[in-house]
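Enquirer: Quick one: the structure is below, and I'll ask about it shortly.
The values are calculated or read from the model by the stated rules, or taken from the named source; none is laboratory data. From a predicted model like this one, the values you see are computed outputs, not experimental measurements. Every residue, glycine among them, receives a Cβ derived from its backbone with ideal geometry; neighbour counts consider all protein chains shown. The accessibility values were calculated without ligands, DNA or RNA, using every heavy atom of the protein model including side chains. Shrake-Rupley method; radii C 1.70, N 1.55, O 1.52, S 1.80 Å.
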Amino acid sequence: MHEIIQLLVSFTGSLGFAVLFNIHGKKLWFAALGGCLSWAVYLVTGIWTASPYICGFWSTVVITLYAECMARIHKTPVTVFLVSATIPLIPGAALYRTMNWMMMQEWDKFRADGTYTILFAASMAAGMTLTTILFRMIWGWKYRQRWM
Amino acid sequence: MRCEEAEQYLYYAMTIGEQLLISGAEVGRVEDTIRRICLAYGAERVDVFSITSSIVTTMYGEFGICTQTRRVRGMANDLGKLDDLNQLSRYICAHRPEPSEIRTRLSAIEQRPVYSFQMQIFIYAVISGSFSVFFGGDLRDMIASALIGIVLKLLESFLKRSSLNSLITVFLCCGMGGILANFAVRIGLGHRADLISIGNIMLLIPGIAFTNSLRDLFSGDTITGLIRCMESVLLAFVVGLGFTAANLLF
């Protein structure tokens, strides 16, 4: 039950950010759907592995593919869909907690949350970068084949 | 093409690049767009270098050598504008319009519709409420968080008008958010102040900037990545400071 509510609010949360980013029309809904998808993949991969970093990695791999496909369908830059779709995964809360522990001078918790924030953001960045590179390599290869 | 004409086309290419950078485009996209536009107008070689706050372009061709630089200030995520600018640059590369046409199209993009202020207030409430529930809050926490989100939007737009330092604006918003969250728990509107605050924090914390800065670092834009990473860590520090200061009051 909790998961279903989380999926629902990850949709509305991403929708909200997509509006703040000034996305209009049909793209708005697809951007918000990406947010829902990212959290769904995160929850599903959580069944197999206990590591949040691996969940984050696979989740960004899936939404980068989603964003690349959507960008080609709607003829827009990939960023439009990618940024809104990553919203539920963004380690904003962890980043805040890290700073909070620093203020409280709780250095053990600061180290734990700080490591988590950096590693999670790094695994997301790795997922996005790798998928983008691979997708464009394959796409470029197919594109050339067709025109030769 | 004479040198003056080339300067004029380069000027518009730089303007598009500058607007892209302000709207939140990746540095690679900015460099690529400027290069493509200059090549479309007959340059033989184009060298573009861009970081978050500056763009330098030199183009070489039969008209001679032109160099222009821009100092870019401010940064906002306006992905709708980014989309329009991208369409414009595709159009320019395909049709090579006159400078006057580029100017009218650019000003049309400037005047594109944005969401109204009421809508933005509503959206702040939606985002705050959503993330309050997302991290485990219940219905009453959600309502409290949404109401505080509305106050924060009003406060933010008021502070922005008085042109304060942006860090101080964020600090004051966070302090206000923290105080109101604790106050809401006191009067019995919500249950846990931290779960109410987390919805508001998601609006203010630079989580997207932090993740994107690592992405810049991974894809080879080292300087841009470092600049954005430092900016977002500093901003996160201020957000933490604001909420912690408010919590210490209670």
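Enquirer: Of the residues A:VAL83, A:VAL19, A:VAL62, which exhibits the maximal mean-square fluctuation in a Gaussian network model of chain A defined by a 10 Å Cα contact cut-off?
Expert: A:VAL19
Enquirer: If each DSSP helix of 4+ residues adds -39,500 (n - 2.57) and the sum is divided by the residues in chain A, what number results at 222 nm, nearest 500 deg cm²/dmol?
Expert: My calculation for chain A gives -30000 deg cm²/dmol from helical runs alone.
Enquirer: Magnitude of the Cβ-charge dipole of region A:2-147, K/R +1 and D/E -1, about the Cα centre, nearest 20 debye?
Expert: For this selection, approximately 800 debye.
Enquirer: Solvent-accessible area per residue for the protein assembly as shown at a 1.4 Å probe radius, Å²?
Expert: 47
Enquirer: Moving to a separate point now. For region B:157-197, what % of the accessible area comes from carbon and sulfur atoms, probe 1.4 Å?
Expert: Using a 1.4 Å probe with all protein chains present, region B:157-197 comes out at 67 percent carbon and sulfur.
Enquirer: Over all distinct alpha-carbon pairs, what is the Kirkwood Rh of region B:1-85 in angstrom?
Expert: 12.7
Enquirer: In whole Hz, with x marking every Gly and Pro, tabulate ³J(HN,Hα) for region A:81-88 from phi via Karplus 6.51 cos²θ - 1.76 cosθ + 1.60, θ = phi - 60°.
Expert: Taking θ as phi minus 60°, the curve returns 8, 5, 5, 5, 6, 7, 3, x Hz for region A:81-88.
Enquirer: If you line up the Cα atoms of region A:95-147 on their principal axes, what length do they span on each, largest first, in Å?
Expert: The Cα atoms of region A:95-147 stretch 62, 14, 7 Å along the principal axes, largest first.
Enquirer: HN-Hα J couplings of region A:55-71 from phi, Karplus 6.51/-1.76/1.60, θ = phi - 60°, integer Hz, Gly and Pro as x?
Expert: 4, x, 4, 5, 4, 5, 4, 5, 6, 5, 4, 4, 5, 5, 5, 4, 4
Enquirer: Do me a favour and compute the ellipsoid semi-axes for chain A from its Cα gyration tensor, root of five times each eigenvalue, largest one first, whole Å.
Expert: Result for chain A: semi-axes of 30, 19, 14 Å.
Enquirer: Taking +1 at the Cβ of each Lys and Arg and -1 at the Cβ of each Asp and Glu, which of B:VAL46, B:THR222, B:PRO206 sits farthest along the dipole of chain B towards its positive end, judged by Cα position relative to the Cα centre?
Expert: So the residue furthest toward the plus end is B:PRO206.
Enquirer: In Å, what is the Rg of the alpha-carbon atoms in the protein assembly as shown, and how long is Dmax?
Expert: 22.2, 75
Enquirer: Right, here's the next one. Return the equivalent ellipsoid semi-axes of region B:1-144 as a descending list in whole Å, where each equals the square root of 5 times an eigenvalue of the C-alpha gyration tensor.
Expert: 40, 16, 11
Enquirer: Ok, one more. Tell me the mean residue ellipticity at 222 nm calculated for chain B from its helices only (DSSP H runs of n ≥ 4, each -39500 (n - 2.57), averaged over every residue, nearest 500).
Expert: Result for chain B: -24000 deg cm²/dmol, rounded to the nearest 500.
Enquirer: Could I ask something else about it? Rounded to the nearest 20 debye, what is the charge dipole size of region A:96-145 about its Cα centre when +1 sits on each Lys and Arg Cβ and -1 on each Asp and Glu Cβ?
Expert: 420
Enquirer: In addition: In whole Hz and in residue order, list the ³J(HN,Hα) couplings for region B:58-64 that follow from phi through the Karplus curve 6.51 cos²θ - 1.76 cosθ + 1.60, θ = phi - 60°; x for Gly and Pro.
Expert: 10, 10, 10, x, 5, 7, x
Enquirer: Further, regarding this structure: Could you give the spread of the C-alpha atoms of chain B along their three principal axes, from largest to smallest, in whole angstroms?
Expert: Cα spread of chain B along its principal axes, largest to smallest: 74, 34, 32 Å.
Enquirer: Need one word for region B:105-219: rounded, prolate or oblate. Basis is the Cα gyration tensor (sqrt eigenvalues a ≥ b ≥ c); a/c below 1.5 gives rounded, then a/b vs b/c decides.
Expert: Here region B:105-219 falls in the prolate category.
Enquirer: Could you tell me the accessible area of B:ARG36 in Å² (1.4 Å probe, neighbours in place), rounded to the nearest ten?
Expert: Rounded to the nearest 10, that gives 130 Å².
Enquirer: For region A:61-135 and region B:56-100, compute the distance between their C-alpha centroids and round to whole Å.
Expert: Centre-to-centre distance over Cα atoms comes out at 29 Å.
Enquirer: Follow-up. Please sort through the DSSP H helices of chain B and keep those with an alpha-carbon extent of at least 15 Å along the long axis and a Kyte-Doolittle average not below 0.0.
Expert: Helices passing the filter in chain B: B:3-23, B:27-40, B:117-134, B:139-161, B:166-186, B:193-204, B:207-218, B:222-249.
Enquirer: Separate question: Given the alpha-carbon gyration tensor of region B:57-125, what are the semi-axes of its equivalent ellipsoid in whole angstrom, ordered largest first, with each equal to the square root of 5 times an eigenvalue?
Expert: In descending order, the three semi-axes are 33, 16, 10 Å.
Enquirer: Hey, another quick one. Roughly how many whole Å is it from the C-alpha centroid of region B:3-32 to that of region B:104-160?
Expert: 31
Enquirer: Now for a separate question. What does the convex hull of the Cα atoms of region B:173-235 come to per residue, in Å³, rounded to a whole number?
Expert: Expressed per residue, the convex hull around the Cα atoms of region B:173-235 is 66 Å³.
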